[in-house]
Amino acid sequence: MQIVRGREELAQALGELRNSGTIALVPTMGALHRGHMELVAEAHRRADHVVASIFVNPKQFGQGEDFGRYPRQEELDYRMLKAAQVALTWVPQVTDMYPDGFATTVSVAGVSDRWEGEARPGHFDGVATVVAKLLVSLLPDLAVFGQKDFQQLAVIRRLVADLSLPVAVVGVPTVREKDGLALSSRNAYLSPDERARAVALPQALQLAREAILGGEPVADTLQRGRDKLAGVGFGQIDYFALVECETLEPITEPRGAMRLIAAAQIGTTRLIDNLAV
Ligand code: AMP
């Protein structure tokens, strides 16, 4: 596996890969786990070569968020990517992504507005800007993202469609621990006690899914979900909602393809999860 940082090296390595087949990109912020590796596996199923990127993107963290303490484990990440037959990992520097004078923001209206967008102002502008840069810099045939970040995936699909980027976007189902907790680099922040209680998040989503499919009123079901989280000691619950899959607009009467989405804080750790209904 080639690990490249600079643009010249990148152009050369990419040119060689492009000459011998299709390329799938897996963008990450590092601190890799089995969820990321499932994206790599899906990338292998769909393309000849897999390229990964590791970039902890400062623009998608708000003031007072965890940019400074976000887990970093580059050597281990490289070993995992190499073992998974990744051909090339790009590790751009912040000054390369955002050189002095950088003044452009990519902003996806509508689908970015609610939920994560409301709880984390500016977050999706940061995501859309960096993903646009990664896609334009690497021009892969396809790019693979996790459904774990469901709204992010919807934002990226909108971005790619609106800018007519010649890249197929692939979403991969969430990889979970045995007890149902979605894998996340941020799970490393949880104390053993918080980890034990965190499982209430996927459980609450499952219960809500069954209730909605069983015909129970949506508003009551969502309130029960919030109550369950509060009951096990989650602090701030940013949202626990039923939404339309593409637009992320809230749904009050079940119809079509729906998603339950939730974000809540346990201790100092903010967890997000979602479930298809
Ligand atoms: P991150 O490094 O957290 O920015 O995530 C990089 C990519 O991995 C994103 O597309 C995430 O949605 C995806 N991802 C993170 N956790 C999981 C998971 N548990 N299952 C599947 N994909 C995931």
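The values are calculated or read from the model by the stated rules, or taken from the named source; none is laboratory data. Bear in mind the structure is a predicted one, so any value in this text is a computation, not a measurement. Neighbour counts are summed over all protein chains in view; Cβ atoms, including those assigned to glycine, are modelled from backbone coordinates with ideal geometry. To get the accessible areas, we keep the full protein, side chains included, count just its heavy atoms, and leave off ligands, DNA and RNA. Shrake-Rupley method; radii C 1.70, N 1.55, O 1.52, S 1.80 Å.
General remarks:
- The coefficient of translational diffusion for the stretch 1-134, derived via Stokes-Einstein from the alpha carbon Kirkwood radius under 20 °C and 1.002 mPa s, stands at 134 µm²/s.
- Note on the stretch 39-67 and the stretch 219-277: Cα centroid distance 25 Å, given to the nearest whole angstrom.
- Cα principal axis extents for the stretch 66-133, largest first, Å: 40, 30, 24
- Protein heavy-atom accessible surface, 1.4 Å probe, per residue over the stretch 148-277: 45 Å².
- Estimated from helices alone, the mean residue ellipticity of the chain at 222 nm is -11500 deg cm²/dmol (sum of -39500 (n - 2.57) over DSSP H runs with n ≥ 4, per residue).
- Remark: the Ala276-Ala161 segment gains 39.1 nm on full extension, using 0.36 nm per residue and subtracting the alpha carbon distance.
- DSSP-defined beta bridges in the chain - what % are antiparallel, rounded to 5: 45 percent
- Accessible carbon and sulfur surface of the chain relative to its total accessible area, %, 1.4 Å: 51 percent
- For q = 0.14, 0.16, 0.21 Å⁻¹, Debye-computed log10 I/I(0) when each Cα of the stretch 164-277 counts as one equal scatterer: -0.59, -0.74, -1.15
- Exposure rank, largest accessible area first [Asp273, Asp100; 1.4 Å]: Asp100, Asp273
- Residues whose amide H falls under 5 Å from that of Gly146, counting only those 5 or more places apart or on a different chain, are Val172, with hydrogens built in the peptide plane.
- Exposure rank, largest accessible area first [Arg226, Arg157; 1.4 Å]: Arg157, Arg226
- Annotation note: GluC sites (Glu not before Pro) in the stretch 168-216 located in DSSP loop regions with a Cβ neighbour count of at most 11 within 10 Å are absent.
- Radius of gyration and maximum dimension Dmax of the chain, Cα, Å: 19.0, 58
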